[in-house]
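Structure, as structure tokens:
The values are calculated or read from the model by the stated rules, or taken from the named source; none is laboratory data. Being a predicted model, the structure only gives us computed values, none of them experimental. Neighbour counts run over all protein chains shown; Cβ positions are idealised from the backbone, glycine included. Just so you know, the surface numbers come from the protein's heavy atoms only, side chains and all, with ligands and any DNA or RNA stripped out. Shrake-Rupley method; radii C 1.70, N 1.55, O 1.52, S 1.80 Å.
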Amino acid sequence: MAVDESKYAEIIQELNARKVTLVAVSKLQSAKDIKRMYELGQRDFGENYVQELADKQGQLPQDIRWHFIGHLQSNKVKFISPFVHLIQGVDSLKLLNEINKQAKKTGRVIHCLLQIHIAQEETKFGLNEAELDEIITTVQEKPEDYSNIFIDGLMGMASFSDDLEKVRSEMKMLKSLFDKYSSLSTPDSYRENCQLSTLSMGMSGDYKLAIEEGSNMVRIGSLLFGARPPK
Ligand SMILES: *Cc1c(COP(=O)(O)O)cnc(C)c1O
């Protein structure tokens, strides 16, 4: 598959105008195609598979900001903790504890987004509001136990559906949680390891809708790289 350069130019212009960060989702795409997009100026790339990410990180320019965007198993955190830029998709306190532990070993602070379950489909990972609340409360109450992580915001995936009103209402739900919890991080209640400023929602099929609904980070793969080769 080839990088669609004119599509990239169009999308990056549209996103820059709205101050939305583009994460180019490069899972299953070749290092050559990633390099091509890097040469066009792209620096944020998203990957879903730990081994694949570690391999690509070794081969590609070191100033790439690698986002881990899928479901991450705790026992695999150590393979990406030395370099990962943002772990999107933290969906348990157990995982957050492991990220903190591995980050400490390399003297880093790893930035994370908490993944919220918004789609009605059962298969998608993510937290409900009570679980989100528990994680944020824990981290804010014991900042000394979480000195190697920083919670930057929330991430969610809406249903894959043609029913735009359903997709929109899922996005609205995520945005309202984001607003609620980001307002808790105003200077008054400032905590050193949790300030929600990033809302990652929107993919190839629904990113325009997501931006209308308040997203400031989108994760776009197939629209930029073409269809993914099978895993
Ligand atoms: C694969 C993936 C994307 C990108 O999907 P496209 O439809 O190709 O844009 C975005 N977010 C996550 C979490 C993904 O796994």
Among the candidates 55, 33, 91, residue that is farther than 22 Å from residue 208 by Cα, free of Cβ contacts under 8 Å to residues at least 12 places away in the same chain and in contact with a helix residue (DSSP H, G or I) (Cβ under 9 Å, 6 or more places away or on another chain): 55
Residue in the stretch 170-178 that is more than 16 Å from the ligand (Cβ to nearest atom), closer than 27 Å to residue 35 by Cα and not hydrophobic (A, V, I, L, M, F, W, C) present: no
Residue in the stretch 212-220 that is within 16 Å of the ligand (Cβ to nearest atom) and open to solvent by 30 Å² or more (accessible area, probe 1.4 Å) present: yes
Residue that is basic (Lys, Arg) and either under 20 Å from the mean Cα position of the chain (by Cα) or under 27 Å from residue 117 (Cβ atoms) (or both), where the choices are 32, 7, 19: 19
Residues (open to solvent by 10 Å² or more (accessible area, probe 1.4 Å) and within 16 Å of the ligand (Cβ to nearest atom)) located in the stretch 30-41: 30, 33
Number of positions in the stretch 91-118 that are more than 16 Å from residue 133 (Cα to Cα) and small (Gly, Ala, Ser): 2
The lone exception for residue 103 - which of (1) more than 26 Å from residue 205 (Cα to Cα); (2) in contact with a Leu (Cβ under 8 Å, 6 or more places away or on another chain) it fails: (2)
All positions within the stretch 61-96 that are farther than 28 Å from residue 42 by Cα, open to solvent by less than 70 Å² (accessible area, probe 1.4 Å) and of a type outside the set (A, V, I, L, M, F, W, C): 74, 92
Every residue from the stretch 42-58 that is within 15 Å of the ligand (Cβ to nearest atom) and open to solvent by 30 Å² or more (accessible area, probe 1.4 Å): 48, 49, 52
